[in-house]
Each structure stands twice: as structure tokens, then as C-alpha cells.
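What follows is a short report on a single structure.
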Amino acid sequence: MIGYIGKRIFWSLVIVLGILTLTFIIIHLAPGDPASIYIRPEIDAKTVATIRRQMGLEKPLLQQYIIWLKEFTTGNFGISFSHKRAVSSVIGEATWNTLQLTVIVFVFQLIVGVCLGMYAAIRHNTRSDQSINSLLLFFYSLPGFWLALMLISLFSLKLGWLPSGQMKSIILTGGIVQQVFDRIKHLILPAFILSLPFIAITTRFVRGSLLDVLGQDYIRTARAYGLPRNKILFLYALKNALLPLVTLLGLYLPFLLGGSVIIENVFAWPGMGRVTVNAIFAHDFPLILATNFIAALTIVIGNLISDILYFYVDPRIRMGGIG
Amino acid sequence: MMWAGRTKETVFFKRRFWRQFKKQKPALICLSFILLLGIATTFSAYLTGYQPDVQGNLVTERYQKPSLQHYFGTDKFGRDLFSRVLYGGRISLTIALSVVLLALSIGLMYGMIAGYYGGIVDAVMMRFLDFWLAFPAIFLIMTVVALFRPNPFILIVLLSVTSWMETARLVRAEVLSLKSREFVLAAKGLGISDMQVLLKHILPNSLNPIFVSAPLKVGEMILLESALSFLGIGVQPPMASWGSIINDGRDVLLQAWWVAAIPGLFIVLTVLSFNLIGEGLRESMGIRK
Amino acid sequence: MILLKIKHLSKTYSEKNLFSRSRKAEKKVVRSVSLDVLQGEILALVGESGSGKTTLARAVLRLVEPSSGEIIYRGKDLLRLNRKQFRPYRRHFQMIFQHPDRAFDPRQTVAAVLSEAIKMNRNLGKEDRTVRTREMLELVHLHENYLTRYPHELSGGEQQRLLVARALAVTPEFLIADEPTSSLDAVVKQDILNLLINLKEKLGLTLLFISHDLGAVHRVADRIAVMYKGRIIELGSRSDIYGEARHPYTKMLLHSIHFRKNKTSAVTEEHLSFPETDSSCDFAPRCQEATEYCRHKIPLFKQMSPGHRAACHFFQQETAEQPAAVAAGM
Ligand SMILES: Nc1ncnc2c1ncn2[C@@H]1O[C@H](COP(=O)(O)OP(=O)(O)OP(=O)(O)O)[C@@H](O)[C@H]1O
Ligand SMILES: [Mg+2]
């Protein structure tokens, strides 16, 4: 068991190192002096020289690489030009904001997806199953940013029910209850839109694995012993069908982060995605590299967690059958 | 990709396939729509009297409602939106199709080599694939786009190198199961060279899952490209794609809803069509999820 | 004259797990088989299902890589050649596969199947190839308009005949027929058997004929090898085997022609599983005559009479029931 988890952790570290290396390579492949990546054009030559020395750009490439690795892994990402403060503090805030959005999306899509999937499985090969399937295909084909614009123009601009962006109202009075309520109002549209494709995937997954489990022998046996149909569904099948869901966490993370980049930008949600895109336009390279790294790290850790969860959930791997 | 699966039985012939595919009504309708769209975007110059990037009279021709003169209205520069949507569609479709072609080729080669050689080659290649899968594609794209000036070529390359992995996995699994099949042994037994066996017997029989996944991938790529262009880190002006046109309409959602709404509708219809074609292909090839 | 000398050929499948290399389950499917194939003979290989006949055949043709051993052909050890060096030899050895429904590329028509094989003879022109395709079809009694069909559109028997045609189209010197008559009805079966005998007599083709069907074996075989759990346990001429079989397993096989299903002794899981050790007679658990000695010592492959060998500790003892009647009845 330790061996399995140890192997996974080791592998995650390798990936992180690979990502760092690749980033380093990309920086050095980019046109121009790597220093120009870190330095704004308007700064005078003398300062440039100092920064170059500080960055160790005179040293051999290998040494630069090692220094860079050390700085990066200890969380010293440098100073953000556009925010004029330490990258780590910018990122800290943004990560927290993104986390609020993504966690809610994850939970919401899980609830809706599991319910829909169960319903579709119970009613499989009927009209309602087919309509759910078509609906999912439709969800999956929607460009989120466009849907966001359409819903904003309806619910925010026309009807004025929901805010069109940001995390909180500019003038906000009242206590914690009002604040929470305000946050929820800001979350509804982005969270709903970001959930749609995931609802589609989860529903399909739950439906598929439920039908798989339902087709298996022990469910038939249980049915033969006279357990009522619904009870069988919930007692046996559900447990076995839902356990593999934990692996989806790892699968979802890259998509979730990618999706949030887009949605955050439409809704001016001050999370990682928005910070990154703004950084791109500001040519704020320390910030770009750092967000890139954090995103990669998140995905790697997410995969690691889902692997470990899966390990506890699936007796086959625990016994060392498949690895 | 999520919807694709592996072939149970690799029997698939043109004749039988057409017989089956003809029964898939929604897929057929979608296919005709895509073909029509392809023709319309390619020959857009002959369909409208306007040019996508020529500005109109900034006083009289800004933000005109859809009318018989401008089917889809005009934007803030008085440009005809109909011709812009067709032009943007050409760019979007070209990019998406090129990406899929490239990604599938990379995935095909990668999967074939890994599956065919097996052993240590396979193990190393699959490890690298896992690594690549763990890489957050959109962030990589954003980093590169930030460093280099984005152009369609870079965009195509970037999107391709971040989306070949599922194909590689599918192909590898197919090749792995095919290479121990008796008909492959039989071909080897005849004295045909390894390369020929791979190209003549293994490759054609491992293509089915790729066929099925191709339309789905095109849809995915249209969505991704339009999102990037919408954010301003994809297709750059003066070029336009559906995503960047939607961005043009972002600030005038109420005054000129058509600027954002219409290209978006085109995205939805196109992606939906590709997905339904994919479903139809899967049904007619008898591939289970 | 010896065409092919097989020496201590073994094939071990190691069912290793990609992730846990330590837990390796080894399965010795072919165990140190030595066999001489004589030029122009029909050598039959019989044995129960799972005894390793197909694996042996494939190993000889290097369709699976043998784990160890030698195969001497024209003074050369074929197993020493690398894959590329070996390829030109493939033309000389062909195989009729056991499962006709799996042996064809599902995307090839009958015409494509045959022309691919015929192309292996480089010196044929295009017209010659068409003529040859026709000839091959005729040879196995398939109608010309089958050419545009796909293998899965043929019946099992037709597929089997197409397999024969494909193998012969390469003009091999040595042909392994892995149960070539298993899905044929009596008439076609006689046809194919006659064809094989004909090929031997007219073209001097050498055949390894793998079969369950002891009737067919009796009809075509010059010599017979009996395989049990990966080893050859008896080898002799047709009259040796049908007349004076020595090994209890061979006798059991011959016996079971008459008592098809009701077996002489019940077969259990243990009987069929592959032996882990090489320290006893493999057949001992099923042998009614087995003694303690049999369970502790491996029998040698001893010569009974010229050309007749058997691996049984009792080789000197004559047992009462000779299945002579069986042979006579064939
Ligand atoms: N690729 C493989 N991996 C592992 N084991 C195998 C493999 N191929 C065959 N075996 C095993 O080797 C044994 C012998 O198989 P083989 O096909 O040679 O038997 P056979 O004598 O031809 O049987 P039959 O008369 O049924 O055709 C069987 O137990 C089989 O399960
Ligand atoms: Mg066999």
C-alpha cells in the first residue's frame, strides 16, 4: 500500500519537475533576452543590468536552471509588474476566489449529474432517457462564454435579477448574512454555466456504470431473492456505481480550471483565470509563469488525491491486482 | 472524446457502414448542414455583396438591425455581419479541422508505435503521455501565446500538441489487441514484412475509434478556439473567428444583440452537428461506450 | 531425409503484470520438444485440447518466439536468425490456422486474401497471378464468384478451404495444418484429406497434420506424435501407434474414439492444469497404472522399436487390451 502511494507521489513530483523544466525551456526559447521577460520595457539600462545580475543571467544555463528551480519551488515567484506586489500574494487571493467558484461547481454538477444519471439508468431505453441524452449533448455543445453573455443580457441587463459580474456588490451594507447572500447571487450564473458540461459527463458516467452494475450477477441474485426493485438499486448498485466517480475528480480538474479561465473573464470574477489573462495583456511574465505553475500543481495534486481515494475505494488495487 | 469508445469487433466495411449510417437520420441532417456550411463559408464572397473587413459609413451604417440588406445586421464599424460570420466560420472551421487532422495523426503514430513495439518503448511512451495529460493545456497555450505573438499557425500547433493523447491511447489499445490476432499472425506467416503488416492489416483495422472520435474532436476544438479568440488570445484582428466576433458584441448586448448572438448560434449549431455526427458514426459502427 | 530437425524446443508464457514485475506466473506450454520432420511425410500431431499443439506449431514457424531450442533447416538453425533474416524462409513454411473465422483480415475480400499470398512469389506477372488465383480456388472447390466476397460471408467450411488455398498459394515446402477439417462435413472433409494426400504425393509436400480426429489421422498420417501437457510422449509410425501403442495416454485416446464422451477416468481440474515441477510423470495423476515411482521420476523418451518411442516407465510391459480392433475398424 505504501508502495503504491509512494510510487504515485514520486510520479507526481516527476511531473511537476517536468512542467517546471518545460516552462524554463519555453522562456528561453522565446524571442529576445529572458531578462526582457522579467523586465518592463520602460526601465533604464542600469536597472536592467542589476536585475540581470540578480537573476543570474550571466551564469551558465544549467546553473540558471537550478537557481530558477529553487526560487520557484520555494514559492518565490518574483514581483508582479501590473499588480506591483509579490506574485505570491496576488496568486494567493486569486486562488481562493477560484476555489470558491470551482468547489461550488463541482458539488452542484455532482448532485445534478448523479440524480440525472440515476434517473436515466432506471428509465434506460425509454423516451425520458433519450431526451436526457439529447439534452446532455446540447449542454456539451454550448460555448460557455456565449451562453454567459446571453444569460447576462437576459437576467442582468433586461430583468436586473442577478449581477452581471464581480464577486460582490460595490456598495454592500449589512452583516454576514447579507454578505453571504450577495456572494451567492454573484455565484449563480457563473456556477450554473460552468457546471453544464460537467453535468453532461457525470450523468453519462453514472448512467453507464449503473447499467453495468445492474447487469451484473449479484444484482440479479438479489432480485431473485425478492428484494424490491428500488431497494436493490439503492443498496447495491448505487454504491458500486458511484465509487468510480472519485476518479473523475482528477479528470475534471484540468477542464474545470480551463473552464474557469473563460467564465471568470466573462464575469470579471477575480480568480486565477482572470488574473492570468490580464497578466498576458500586461506582459506580466512573472505572474503568468506562476499561475501556469500553480495550475499544473493543482492538477497534479488533484490527480494524486483521486488516485489515492480510488486506491481506498477499489479493493482490486488494494490487493495489488492492478496498479 | 468523452463519448468515444473502443471497437468490440473490428469488422467494418464501406458497404455495410453506409447501409447503417443511412439509417441515422439526425446524423445525416447534421452532415448536410456541415457540408452546406462548409460550402457557404468557402464561397462566402459569392454569397454576399459585402466584404467582411470593409468598414461601412460610421454614421449611417453602425449597428444596423438584421434586414434584407444586411441579413445579420452590422457591427460598430458598419461591417456586414453576415459576411463576417461566414468569414469567421471559415477561419474557425479551418483551424478546428487542421487541429483535428494534426492531433489525430500524432495520436495515430504515437499509439501505433507504442502498441506495436510494446515493452519498454511502450512503457516509456505511456509515461510521457500521462505526463502530457497532467499538463494544463489552456495554461500552456496562454503562456506560449503571451510569449509569442499569436497567429493561426501557432494556434493550430498548440491546440494539436495538447489534444492528441486520447487518440494515442485508443489506437494503442486497438493495436495491442490486433497484433496478437490470428489474421495478423497469418499475414506475418506469409512472409510479409513487419512494416507492411502494420500498414496493411493493423492500421486499417484500428481506425474505427478514430473515425468516431474525429467529429467530436472537431466540435471540442471549435469550442476551445472560439473561447481563446473571445478572450483575445486566439485569432487576432484583422482576422476574425466566431469567438472574436462574439467579443465584438460583448459590450452592446442590449443595443445590438445580434453581434454576439448570431455567431454564437452558429457555434452551437456547428458543434452540435459534429457531436451528432459522431453519435451517428458510433451507432452505425456498433461501437459501445 | 530430415527436412526439419526440432531440438528441445520450449515455449513458456510468462503472464507478467506490467506493474508488479515480481509476480510472474510461468506457464510452460511446450516443454523441450524434439522431433524430426522427414521430407515428404505426413506427420500427425495429436493430443487433447490445451496440450500445446498449436503453440508448438506456431513456435516452429516463429509466429510466437520460442523460449529456447533449435530448429535446424538445411543445416541452419532458424532460431539463430533475426526476424529480418528469417523472413525469406517464411515462404517455405506455411500454416493452415485452426480458427478459419479469425484467420482473415475482416477488410480483405477473398481475391485480396489470395493475391496477397500469391504475390509472395515475386517472379509472377500480373496475368499469371490472376490465373493462379483461379487455380487456387479451383483446387479447393470454391466458385469464382466468391472472389468479391468477404471472408465473414463464407461458411465455416468455405473459410477453411480458403485457408488451405491461401497457404498453398505461397507454394510452401512444409505445411502445418492445424485441425484443417474441424468444421467440415464428411464429404468435404474427405475432399480436403484427399487433397492433402495428393499434394504430398504429387508435389512432395511435407505436412504436419494436427488433429483431434483420430480417424482422419489414420487415413493420412505416415507417422504420429502424441502430445500431452507440452511434451511428446509417444512417437511412431501409423502402425506403431494404432497397432501397438505403449503409452497409457495414447491408449486412452484411441479408446475414446469408441466411447466418445464417457471417459475412461474422470478428468479433474488438477489433471488439466499445467505441471509446476518436472519431477514426475505428467500423466501419473490420470494414469490407472501409475505407481509411486511414476509420481517421483520423470520417464525418459525410450525407444520401443526402430522409430517407435514412448515416455512411460512401463514401456517394457505389454498390457492386455491392445486397441487393434480400433485400428482395424478405421
Ligand atoms: N498467448 C498465450 N498466453 C498465455 N497462455 C497461452 C497463450 N496461448 C496459449 N496459451 C495456453 O497454452 C496452452 C496450450 O494452448 P494451445 O492452443 O497450444 O493448445 P492446443 O493443443 O492447440 O489446444 P486445442 O486442441 O484446443 O487447439 C493452453 O493452456 C493455453 O491456454
Ligand atoms: Mg490448437
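The values are calculated or read from the model by the stated rules, or taken from the named source; none is laboratory data. Remember, it's a predicted structure, so these values are computed and weren't measured experimentally. Glycine gets a Cβ as well: all are built from the backbone with ideal geometry, and neighbour counts include every protein chain shown. In case anyone asks, the SASA skips ligands and DNA or RNA and just uses the protein heavy atoms, side chains included. Shrake-Rupley method; radii C 1.70, N 1.55, O 1.52, S 1.80 Å.
Here the calculated FRET efficiency for residue C:303 and residue A:240, from their Cβ-Cβ distance with R0 = 56 Å, stands at 0.35, rounded to the nearest 0.05.
With every protein chain present, what is the per residue accessible area of the range A:144-198 (1.4 Å probe, Å²)?
Working: 3030 Å² over 55 residues.
Dividing the accessible area of the range A:144-198 by its residue count gives 55 Å².
Here chain C is treated with +1 on each Lys and Arg Cβ and -1 on each Asp and Glu Cβ, and its dipole about the Cα centre works out to around 1320 debye. In this assembly, the B-C interface accounts for approximately 2400 Å² of buried accessible surface in total, computed with a 1.4 Å probe and without ligands, DNA or RNA. Secondary structure note: in the protein assembly as shown, about 65% of the DSSP beta bridges are antiparallel.
For the options B:240, B:96, B:45, a Gaussian network treatment of chain B with springs between C-alpha atoms closer than 10 Å singles out B:45 as fluctuating the most. Counting only protein heavy atoms and a 1.4 Å probe, chain C has 48 square angstrom of accessible area per residue.
About its Cα centre, how strong a charge dipole does the protein assembly as shown have in debye, to the nearest 20, once Lys and Arg get +1 and Asp and Glu get -1 at the Cβ? All intermediate terms of the calculation are to be shown ahead of the outcome.
On the way: 104 positive and 69 negative charges, 71 e Å.
Once rounded to the nearest 20, the dipole reads 340 debye.
Under a Gaussian network description of chain C, with springs only between Cα atoms under 10 Å, the residue in C:61, C:235, C:81 that fluctuates furthest is C:81.
From its DSSP helices (H runs of at least four residues, each -39,500 (n - 2.57)), chain C gives a residue-normalised ellipticity at 222 nm of -9500 deg cm²/dmol. Looking at the range A:69-102, the trypsin sites (Lys or Arg not before Pro) that sit in a DSSP loop and have at most 15 other Cβ atoms within 10 Å of their own Cβ are A:84.
Dipole size of the range C:102-171 about its Cα centre, with +1 on Lys/Arg Cβ and -1 on Asp/Glu Cβ: approximately 220 debye, rounded to the nearest 20. Residues of the range A:290-304 whose accessible area (probe 1.4 Å, heavy atoms of protein chains only) drops by at least 10 Å² once all protein chains are present, relative to their chain alone: A:292, A:295, A:296, A:299, A:303.
Per residue of C:44-52, how many C-beta atoms from partner chains lie within 10 Å of its own C-beta, taken as a mean?
On the way: counts 0, 0, 0, 0, 0, 0, 0, 0, 0.
Rounded to a whole number, the mean comes out at 0.
Model label sites at residue B:251 and residue A:131, defined 7 Å from Cα along the beta-carbon direction, differ in position by 4.3 nm. Derived value for the range B:89-197: Kirkwood hydrodynamic radius 15.6 Å. Basis is the mean of 1/r over every pair of different alpha-carbon atoms.
Comparing B:168, B:123, B:214 in a Gaussian network model of chain B where C-alpha atoms under 10 Å apart are linked, the largest mean-square fluctuation is found at B:123. Accessible-area loss of 50 Å² or more (1.4 Å probe, protein heavy atoms, chain alone versus all protein chains) is found in the range B:249-288 for B:250, B:253, B:254, B:268, B:272. Helix B:81-117 axis versus longest C-alpha principal axis of chain B: approximately 20°, rounded to the nearest ten.
Chains A and B together bury some 4400 Å² of accessible area, summed over both sides, with a 1.4 Å probe. For the set C:119/C:200; C:76/C:229; C:11/C:251; B:188/C:84, the pairs lying more than 21 angstrom apart at their alpha carbons are C:119/C:200; C:76/C:229; C:11/C:251.
Run down the lysines and flag those whose C-alpha is under 20 Å from the C-alpha of residue A:185, throwing out any fewer than 8 positions away in its chain. Straight-distance partners of residue A:185: A:158, A:168. Straight-line cross-link reach from residue A:7 at under 22 Å between alpha-carbon atoms covers these lysines, not counting any fewer than eight positions away in the same chain: C:16, C:24. Here's the picture: charge each Lys and Arg Cβ at +1 and each Asp and Glu Cβ at -1 in the protein assembly as shown, and of A:90, A:250, A:69 the one pushed furthest to the positive end of that dipole is A:250.
Angle check, please: helix C:126-139 long axis (alpha carbons) against the longest principal axis of chain C (alpha carbons), in degrees 0 to 90, nearest 10. Once rounded, one gets 50 degrees. Between helix C:156-169 and chain C, what is the angle of the helix's C-alpha long axis to the longest principal axis, kept within 0 to 90° and rounded to the nearest 10? That helix lies at roughly 80 degrees to the long axis.
Restricting the calculation to Cα atoms, chain C yields a radius of gyration followed by a Dmax of 20.8, 68 Å.
Simple rule: put +1 on each Lys or Arg Cβ and -1 on each Asp or Glu Cβ in the protein assembly as shown, find the dipole, and look at B:262, B:128, A:214; the Cα lying farthest toward the positive end is A:214. Extension gain for residue C:138 to residue C:38 (0.36 nm times residue separation, less C-alpha to C-alpha distance): 33.1 nm. Solvent exposure of the range B:38-114 amounts to 51 Å² per residue of accessible area, where only protein heavy atoms count and the probe is 1.4 Å.
When the accessible area of the protein assembly as shown is split by element with a 1.4 Å probe, what percent falls to carbon and sulfur? Intermediate results must be reported in sequence, preceding the final value.
Numbers: 26800 of 43930 Å².
So the carbon and sulfur contribution to the accessible surface is 61 percent.
The DSSP beta bridges internal to chain C are antiparallel in roughly 60% of cases.
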